[in-house]
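Here is the structure we will look at, set down as structure tokens.
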Amino acid sequence: MTTENNIWAVIMAGGSGTRFWPVSRQAAPKQLVRIVGDTTMIQATVTRLQPAIPADRILIVTTEQLAEETRKQLPMLPAEHIIAEPVGRDTAACVCLAAILVQAMDPNATMILLPADHVISPADDFQKALLFGAQAAADGSLVTFGVAPRFPATCYGYIEHGTSVSTDGPHDIYQVKRFVEKPDAERAQTYIENGSYSWNSGIFIWRCDTVLSELRTHCSWLTEALMPLAAAWGTEQFNAQFAEIYQPLKKISIDYALLEKADNIKVVTASFAWDDVGSWDAIYDHLPANDNAVIEEGCVHAINCRDSLLMNRSSKTLAAIGLDNMSVVVTDDAVLVCKRGESQDVKDIVSEIEDRLK
């Protein structure tokens, strides 16, 4: 039986966050910097889980390069709960590893899986939804959260709802008919008009024994490779064994390894506000603006500007005249200037800069 004391959270925090260049860098990606609010995104994610999920039941899966800074930012977590992957092997390996380690610590554990870099509010509603989702997963279902679409987004994946499971509680529950990749604008509009689609939040809840059983069925090579780490966890041999086992694994996402194959997936309708904040354009929804719809941060002087983001994270002065629908982000060593609505392409300019520096 699932109890609140058996609910754990696993936060995936290995991303590079290139769409938030120049604030986000390889050594300090999106989740480890302040984008929205007064804390870094990973700090906000951990805070948002509490007190429903205490610090000693939270694990972070990140990279070796980011582990030290992650531990520094999250001193309330046990240091050994910051798991540093020796190499990136995509999300299926991350999920399988986390489920094995959590189950080693709590054989009856239910595991919440969530990204480190989303903006979600209010925290109380989020925590109540997670506890509801944990109960929905108690029967051996794989549970995810679907967010009611506010507009025909092309930057999010979608979930098509199947048969209704329950409409009695605070959240409706449906069988998942299918997961849909990010659509083009026309198809996104049809999803909105259809009414049976939600945005895919990327947040999942399942019993550890359930997800490991499902992975054993659909991706047995992965569970067979990683299962020996359960016995090594907490010993001096763990890190060496971890590196030896992880290095040869194939890269595969949890979507392809499991979610597209399993038939016992439920989607719970989310009551909380959610945004994966995937680019600078998304910031406009989360930071206060002046009467001209201009967001100003840092030392900024603006004249006749409208509908723009002017963010100065440097020691310099940012002066802007007559800008309309523009995003300008300044750090000590770089400046980004782009039209509002085109910041999804920031990752391309980062790739071009890196190529030129080679």
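What residue, among those in region 69-128 that are touching a residue at least 24 places away in the same chain (Cβ under 8 Å) and among the acidic types (Asp, Glu), is surrounded by the fewest Cβ atoms within 10 Å (Cβ to Cβ)?
So, considering only residues that are touching a residue at least 24 places away in the same chain (Cβ under 8 Å) and among the acidic types (Asp, Glu), the one surrounded by the fewest Cβ atoms within 10 Å (Cβ to Cβ) is GLU80.
In the list LEU309, LEU323, LEU258, LEU318, which residue meets the criterion of being buried (at least 18 other Cβ atoms within 10 Å of the Cβ), out of contact with any Pro (no Cβ under 6 Å at 6 or more places or on another chain), free of Cβ contacts under 8 Å to residues at least 40 places away in the same chain and within 30 Å of GLY146 (Cβ to Cβ)?
LEU309
Give me a count of the residues in region 326-341 that are β-branched (Val, Ile, Thr) and farther than 14 Å from GLY298 by Cβ. Show your work before the answer.
Residues of region 326-341 β-branched (Val, Ile, Thr): 328-331, 335, 337.
Next, only the ones that are farther than 14 Å from GLY298 by Cβ stay: 337.
Final tally of qualifying residues: 1.
Regarding region 56-72, can at least one residue be identified that is of a type in the set (Val, Ile, Thr), assigned by TED's automatic domain parsing to the domain that holds PHE204 and touching a Pro at 6+ places or on another chain (Cβ under 8 Å)? Steps first, please.
Pass one, region 56-72, residues of a type in the set (Val, Ile, Thr): 58, 60-63, 70.
Next cut, assigned by TED's automatic domain parsing to the domain that holds PHE204 only: 58, 60-63, 70.
Going one step further and asking which of them are touching a Pro at 6+ places or on another chain (Cβ under 8 Å), we end up with none.
Within region 56-72, not a single residue is of a type in the set (Val, Ile, Thr), assigned by TED's automatic domain parsing to the domain that holds PHE204 and touching a Pro at 6+ places or on another chain (Cβ under 8 Å).
Can you pull out every residue in region 45-68 that is surrounded by 19 or more Cβ atoms within 10 Å (Cβ to Cβ) and either in contact with a His (Cβ under 9 Å, 6 or more places away or on another chain) or of a type in the set (Lys, Arg) (or both)?
The answer is THR45, ARG48, ARG57, ILE58, LEU59, ILE60.
Let's see how each residue does on (1) aliphatic (A, V, I, L, M); (2) assigned to a helix (DSSP H, G or I); (3) closer than 25 Å to ASP275 by Cβ:
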residue: VAL36; (1), (2), (3): yes, no, yes
residue: VAL46; (1), (2), (3): yes, yes, yes
residue: ARG71; (1), (2), (3): no, yes, no
residue: ILE100; (1), (2), (3): yes, yes, no
residue: MET111; (1), (2), (3): yes, no, yes
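Here are some residues: GLY157, GLY234, GLY195. Which one is in the same structural domain as PHE126 (by TED's automatic domain parsing), among the small types (Gly, Ala, Ser) and surrounded by 14 or more Cβ atoms within 10 Å (Cβ to Cβ)? Working first, answer last.
Values: GLY234 fails: surrounded by 14 or more Cβ atoms within 10 Å (Cβ to Cβ); GLY195 fails: surrounded by 14 or more Cβ atoms within 10 Å (Cβ to Cβ).
Testing whether each residue is in the same structural domain as PHE126 (by TED's automatic domain parsing), among the small types (Gly, Ala, Ser) and surrounded by 14 or more Cβ atoms within 10 Å (Cβ to Cβ) leaves just GLY157.
From SER308, SER351, SER343, grab the single residue that is out of contact with any Asp or Glu (no Cβ under 8 Å at 6 or more places or on another chain) and not assigned by TED's automatic domain parsing to the domain that holds VAL165. Can you show your working first?
Numbers: SER308 fails: out of contact with any Asp or Glu (no Cβ under 8 Å at 6 or more places or on another chain); SER343 fails: out of contact with any Asp or Glu (no Cβ under 8 Å at 6 or more places or on another chain).
Sole residue among the options that is out of contact with any Asp or Glu (no Cβ under 8 Å at 6 or more places or on another chain) and not assigned by TED's automatic domain parsing to the domain that holds VAL165: SER351.
Within region 327-358, can you find the residues that are within 17 Å of ARG313 (Cβ to Cβ) and assigned to a strand (DSSP E or B)?
Residues of region 327-358 that are within 17 Å of ARG313 (Cβ to Cβ), as a first pass: 327-338, 343, 346, 350.
Result: SER327, VAL328, VAL329, VAL330, VAL335, LEU336, VAL337, CYS338.
Being out of contact with any strand residue (DSSP E or B) (no Cβ under 7 Å at 6 or more places or on another chain) and either exposed (fewer than 15 other Cβ atoms within 10 Å of the Cβ) or under 24 Å from THR110 (Cα atoms) (or both) narrows it down to one of ARG150, ARG178, so name that one.
Numbers: ARG178 fails: out of contact with any strand residue (DSSP E or B) (no Cβ under 7 Å at 6 or more places or on another chain).
The match here is ARG150.
Can you confirm whether region 209-227 contains a residue that is surrounded by 15 or more Cβ atoms within 10 Å (Cβ to Cβ), among the hydrophobic types (A, V, I, L, M, F, W, C), free of Cβ contacts under 8 Å to residues at least 12 places away in the same chain and farther than 27 Å from CYS155 by Cα?
No: zero hits.
The values are calculated or read from the model by the stated rules, or taken from the named source; none is laboratory data. Bear in mind the structure is a predicted one, so any value in this text is a computation, not a measurement. Counting neighbours? That spans all protein chains shown, and the Cβs are built from the backbone with ideal geometry, glycine included.
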